[in-house]
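Every number here is computed from the coordinates shown, using simple stated rules; none is lab data. Remember, it's a predicted structure, so these values are computed and weren't measured experimentally. Here Cβ is always computed from backbone atoms with ideal geometry, including for glycine, and neighbour counts include all displayed protein chains.
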Amino acid sequence: KVADLKGLKQGQLRLAVITTAKYFIPRLLGPFCQLYPGIDISLQVTNHERILERMSSNLDDLYIMSQVPENLDVNFEPFLENPLVVFAPISHPLAKERNIPIQRLSNEPFIMREPGSGTRRAVQTLFDEHGITVKVKLELGSNEAIKQAIAGGLGISVLSRHTLMPDTAELCILDVQYFPIKRNWFMVYSSGKQLSIVARAYYEYLLDAAKKIVALNTTTTGDAVEKTHV
Ligand code: PGA
């Protein structure tokens, strides 16, 4: 016990998270650091493929991602939903339509995340399943840049609902058949690895924080994901 406390007084926490988690994880680090002020944290925010590379090289303690790697031996636990939705500018002609057939998306200029992105992979899988080919007008490696491009009228895109912050009043979510693509955020770490005391404390902290957020949103809105960006 004494050793545990000592371990928590000081230490390092190395996290690497997919791009969509940046709307959530940094904010939650504040209260965690208040609980454990002696801990130094490094946080890498990058795409799915880079996370896999980091994991293979054993660079971090814990990872947050939406798709658990199939060919690496890992422990994982889902903790929050991460649905992917279709974003358009609020003035878009489809904005007022309901249950839009997915085929309609092939007529729209589309903004796609870069190769290596998990978002891109999930979108492509759904389009392949339904034989949809979209006209990729622009390829961009940043959710924020894609939101700006949508607002600027360049096209529509599919992004995590977590990227929609209150400051993005210029965008809306289209009600398209087969959307949202249902996904989760998982906490992941290599099976061969024993979590440090600090990493374990963070793991427990994050699970607890996520539970509270889900409970709060379920009681206030009846929707467990609507307000997950605290
Ligand atoms: P990405 O990951 O940043 O690689 O698109 C997001 C996700 O997989 O949900």
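At an R0 of 25 angstrom, the distance between the Cβ atoms of residue 168 and residue 49 translates into a FRET efficiency of 0.45. By other beta-carbon atoms within 10 Å, ranking 162, 48 with the fewest at the front produces 48, 162. Each pair of Cα atoms in the chain enters the Kirkwood radius, and Stokes-Einstein at 20 °C and 1.002 mPa s then converts it into a translational diffusion coefficient of 114 µm²/s.
Treating the Cα atoms of the stretch 1-86 as identical point scatterers in vacuum, please give the log10 of the normalised Debye intensity I(q)/I(0) at q = 0.10, 0.17, 0.20 Å⁻¹, two decimals. Taking Cα atoms of the stretch 1-86 as identical point scatterers yields -0.30, -0.81, -1.03.
Pairs of alpha carbons in the stretch 163-207 separated by more than 12 Å make up 77% of all such pairs. Contact order, relative form, for the chain: 30 percent (alpha carbon pairs under 8 Å, 6 or more residues apart, mean separation divided by residue count). Helices assigned as whole DSSP H runs in the chain whose Cα atoms extend at least 27 Å along their own long axis and whose mean Kyte-Doolittle hydropathy is -1.0 or higher are found at 197-221.
Relative to the current alpha-carbon distance between residue 200 and residue 104, full extension at 0.36 nm per residue lengthens the span by 29.9 nm. The share of alpha-carbon pairs in the stretch 90-142 lying farther apart than 18 Å comes to 38%. Between the stretch 151-217 and the stretch 56-119, what is the C-alpha centre distance in whole Å? That distance is 10 Å. The radius of gyration of the Cα set in the stretch 91-215, together with its Dmax, comes out at 17.7, 53 angstrom.
Largest GNM mean-square fluctuation among 201, 151, 16, using the chain with Cα springs under 10 Å: 201. Spacing of the modelled spin labels on residue 71 and residue 34, each 7 Å from Cα toward Cβ, amounts to 4.5 nm.
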